[in-house]
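Report on the structure given below.
Throughout, read-outs are computed from the coordinates displayed, never taken from laboratory work. Quick caveat: nothing in here was measured; it's all calculated off a predicted structure. Cβ placement follows ideal geometry from the backbone for every residue including glycine, while neighbour counts extend to all protein chains displayed.
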Amino acid sequence: MKQKLLLLSLLGSTLLFAKEESLSAQALFQQKCTTCHTMQRPTSPENVMAPALNGIMKHIKMRYPLKADAVAFINDYVLNPSQEKAICKPQKLKRFGLMPSQKGNVSKEELNRIANWMFENYPEQGFKGHQKRIMR
């Protein structure tokens with residue numbers, strides 16, 4: 001009985017830690033990325049500086065359906081963006097330009113946590129174009 005209680009306690013602690021880690025990754029995204037990227041579709045396109053997170057992740061998951069590949073792409077692209085690596089539609093690149101490198105604005109550890117959180121949570125269920133076949 002004690003072993004079961006210990007196991008349940010460890011499982012609960014692990015789940016709580018995972019939830020706290022996810023929240024802190026979301027907070028990092030809000031702190032580091034929402035100056036340009038919105039978490040939801042913007043209501044007014046006039047003030048939009050960069051694509052919204054749902055759209056970004058839709059395109060990333062279409063190109064990189066495996067989590068490890070998507071996270072590696074995000075980690076590389078955010079620090080070393082280039083026209084050749086860009087996965088958004090050409091009209092988006094024309095409208096928004098190439099994302100500036102975030103070297104010095106986000107650490108590799110922070111970026112990795114953000115990238116994992118992005119993959120796990122976006123695009124949101126019900127988002128137009130959400131791919132149900134995406135593999136995790």
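Miscellaneous remarks
- Flagged links, alpha-carbon separation over 21 Å, of K58/K85; K61/K103; K67/K108; K32/K89; K67/K103; K85/K108: K61/K103; K32/K89; K67/K103
- With the simple spin-label model, which puts each label point 7 Å out from Cα in the Cβ direction, the K85 to S44 separation comes to 3.4 nm.
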